Amino acid sequence: MSRLVVISNRVAVPKARGVAGAQGGLAGALNAALKDRGGVWFGWSGQESDDRTGNMDLQRNDGVTTATVDLSTRDVGEYYNGYANSTLWPLFHYRIDLARFEQKTGEGYERVNDRFATSVMPLIEEDDLVWVHDYHLIPLGERLRARGVENRIGFFLHTPWPPTRLLTSLPFHERLVRTMLAYDVVGFQTEEWLSSFVHYCENELGAEIDHDSGRITFEGRTVTARAYPIGIDWDHFSQQGETEEAKTAEDRFLASIRGRTCMIGVDRLDYSKGLPERIDGIGRFFDENSERTRDLVFVQIAPPSREDVESYQHIRETLEQKTGQINGARSEVDIVPIRYVNRGYSHAELFGFFRASKIGVVTPLRDGMNLVAKEYVAAQDPDDPGVLILSEFAGAAHQLGCDGQGAVLVNPHSPDGMASAIKKALDMPLDERKARYQRMIGTVRDDNVQNWTTRFCEDLAAG
């Protein structure tokens, strides 16, 4: 079995087994794959250093080797806060109105990808599989090829891939896509994002497409492009639900809502998650059903993210304002209809919160997959499951929509649609809740992150 070299913007250092809150999800699956195959996980340390020594920090934790390098303040500003998160992230989430196109940040993005390639080269052995992750490092495979790397190299995009007409608004878009064709396998979350990529390659580059096999041939190279829907770490998350921490969190949650139905949302504080639009929909529900303020409480957990980017500061201010307006209009001395919490919680605590909530709201404006939707379903009591309200624009809708018989799908841009979905979920009888849960739980359990990792690595190794 070939070793695995994982390359991503940030590196997750593994935690010892049995430690409370030990990581699950993608980081856990990649660490497990590295334990099985051997190899190394390389990326940015998260630290800024202006000396530019290029020194690498090598560590071995719980059987996994990690290698990290610092970035300069300039690199973080141009590569990370700039091109990655102020240009590619909004564009890939269809928010061209928020995307900033600046030559300086584009040059910083290219520069850091070059540095990553130079730094990781000595770690790559002859037969290693190399797996690059996400929009921060799209050109990295091409940079490694330019340095003579002939290994099998794969790339997985965790975000959506935009339609061709949106992508062509990006200066040097063709140059960016050409670098992706230096990989051997390119993976996307859903068939929709895959189709958009193939459409660009066929219509803008004139590449030859084999739609049955997913092979794209361009200028003498062939890359395989496929959809690999990512899942949750089912075993890890289920185990969290058995902990005292989860049970305490559930009891505490239920005590605090005092017999009302709880509706919960858990999202990073990010404009792609549709949080202001969600609050507008909840406000519309209370406008049309004012008597139900004593029936329903909405809890929004929104840990901050990328606070150095201006658009994220704006989304936080907007969310606080909208929440305050509804609470000001609808609160009583003993009732606040919306609780807004700007911090994060452990997996065990979230399991408890999800279990106590009879409605889960996952309504991004656009999302590559969205694992919170799957975690909410996984946490439900099969004998009394809650209802998932899910954006039709989340990648997870392709798996959990179940032809209208699973999650309640909604257009997050429509306050009326949101209000109607909330009322439907609130009034849904137990038999229907059970039937919808049963249609979703199979894919949540079986299409887990370990199977996702295995499938991608097997395709990458297949040659």
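What the table below lists for this structure:
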item	result
Whether segment 136-260 is rounded, prolate or oblate, judged on the alpha carbon gyration tensor where a/c under 1.5 counts as rounded	prolate
Length released on extending from Ala329 to Glu107, taking residue separation times 0.36 nm less the Cα-Cα span	75.0 nm
Protein accessible area in the chain, 1.4 Å probe - carbon and sulfur %	45 percent
Estimated distance in nm for a label pair at Ile96 and Ile257, the labels positioned 7 Å out from Cα along Cα-to-Cβ	4.1 nm
Peptides ranked, highest mean first, by Cβ atoms within 10 Å: ranges 253-259, 277-283	277-283, 253-259
Nearest 10 degrees, 0 to 90: helix 415-427 Cα axis against the chain principal axis	60 degrees
Full-extension gain in nm, Gln405 to Glu317, via 0.36 nm per residue minus C-alpha separation	28.0 nm
For segment 236-251 and segment 389-425, distance of Cα centres in Å	27 Å
Average accessible surface area per residue within segment 354-450, 1.4 Å rolling probe, Å²	34 Å²
Whole-number percent relative contact order across the chain, with pairs defined as alpha carbons under 8 Å at least 6 apart	14 percent
Positive minus negative residues near Asp384 (Lys, Arg vs Asp, Glu; Cβ under 11 Å)	+2
Distance between modelled label sites at Asp383 and Asp127, nm, 7 Å Cα→Cβ extension	5.3 nm
Computed over segment 368-452: relative contact order in percent, which uses C-alpha pairs under 8 Å that are six or more apart	34 percent
Length added when fully stretched, Glu392-Glu432, from 0.36 nm per residue minus Cα-Cα	12.4 nm
On Cα atoms only, tilt of 449-462 relative to the major axis of the chain in degrees	20 degrees
Computed helical MRE - 222 nm, the chain, DSSP H runs ≥ 4 contributing -39500 (n - 2.57), nearest 500	-12500 deg cm²/dmol
Near-label residues of segment 419-462 by backbone N, under 19 Å of a point 7 Å along Cα→Cβ of Arg226	446-462
Accessible area, probe 1.4 Å, largest first, for residues His158, His314	His314, His158
Between helix 191-203 and the chain: long-axis angle, C-alpha atoms, 0 to 90°, nearest 10	40 degrees
Share, in percent, of DSSP beta bridges within segment 120-237 that are antiparallel, nearest 5	40 percent
Of all DSSP beta bridges in the chain, antiparallel share, percent nearest 5	25 percent
Label-point separation, Arg37 to Glu192 (7 Å along Cα→Cβ), nm	2.9 nm
Vicinal HN-Hα couplings computed from phi for segment 394-404 (Karplus, 6.51 cos²θ - 1.76 cosθ + 1.60; Hz; Gly/Pro x)	8, x, 4, 5, 5, 9, 9, x, 6, 6, x
Amide H contacts of Leu269 (H built 1.01 Å from N, under 5 Å, at least 5 apart or other chain)	Ser305
Dimensions in Å of the chain - Rg and Dmax from alpha carbons	22.5, 71
Within segment 327-463, percent of DSSP bridges classed antiparallel, to nearest 5	10 percent
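The values are calculated or read from the model by the stated rules, or taken from the named source; none is laboratory data. What you see is a predicted model; the values in this text were computed from it and never measured. Don't worry about glycine lacking a Cβ; one is built from the backbone with ideal geometry, like all the others, and counts go over all protein chains shown. Ligands, DNA and RNA are stripped out before the accessible areas are found, and what is left, the full protein with its side chains, is counted by its heavy atoms. Shrake-Rupley method; radii C 1.70, N 1.55, O 1.52, S 1.80 Å.
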